[in-house]
Amino acid sequence: MRKKASFANRLTDIKENHKFQNDGKWADKVEDPTKGIRHIVTEIKDQHSVKYVYVWHTLAGYWGGVRPGVTEMDHYDSKMTYPVSSPGVESNEPCDAFNSIVKTGLGLVNPEKVYNFYNELHSYLTLAGIDGVKVE
């Protein structure tokens, strides 16, 4: 049986989580760039002759946005919002991702802090060797 994506997950830190450290093995998160995303990007570029590495993220940072109340994200003053779907959207394009955030909410960064959010996120990715970002 195929596992269904969880669109209720929220961003809890600008930096990568354990899935991108220690070659993807479960471990406590460590503050060591040699074991994180920079290591992965360097390996991709050096060992596979890849010139550019791009990443993707949603406009809200992650499927469910930013998690309010998490120490690493507190300075963005995010709040939970609960979007309402229009009848037209529901009849023309049902979507698991949208249905999930209608039910569980979307953590949005305070509009006055959104520049800092993207600047910190994209600066970190740049330091990790990421060459570009697709945001949607």
remark   = Here the qualifying pairs (Cβ atoms under 6 Å; residues six or more apart or on different chains; first in the range 36-58 and closer than 22 Å to E136 by Cβ; second open to solvent by less than 40 Å² (accessible area, probe 1.4 Å) and part of a strand (DSSP E or B)) come out as Y54/G132
key: Residues of the range 43-76 that turn out to be under 15 Å from the mean Cα position of the chain (by Cα), under 15 Å from D131 (Cβ atoms) and either polar (S, T, N, Q) or surrounded by fewer than 17 Cβ atoms within 10 Å (Cβ to Cβ) (or both), as a count   = 3
query = Scanning the range 97-136 for residues that are of a type in the set (V, I, T) and assigned to a helix (DSSP H, G or I), which turns out least open to solvent (accessible area, probe 1.4 Å)?
reply = I101
key: Sole exception among (1) surrounded by 13 or more Cβ atoms within 10 Å (Cβ to Cβ); (2) of a type outside the set (D, E, K, R); (3) more than 16 Å from the chain's Cα centre (by Cα); (4) in a loop (DSSP other than H, G, I, E, B) for I40, by number   = (4)
inquiry  = Just to be sure I understand the filter: pairs with C-beta atoms under 9 Å, separated by 6 or more residues or on different chains, first member in the range 75-100 and at positive phi, second member open to solvent by 90 Å² or more (accessible area, probe 1.4 Å) and part of a helix (DSSP H, G or I). Which pairs pass?
reply    = D77/E112
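The values are calculated or read from the model by the stated rules, or taken from the named source; none is laboratory data. The model shown is predicted, which means the values in this text are computed figures rather than measured ones. No Cβ is skipped: glycine too gets one built from the backbone with ideal geometry, and neighbour counts run over all protein chains shown. Remember, those area values only see protein heavy atoms, side chains included, never the ligands or the DNA or RNA. Shrake-Rupley method; radii C 1.70, N 1.55, O 1.52, S 1.80 Å.
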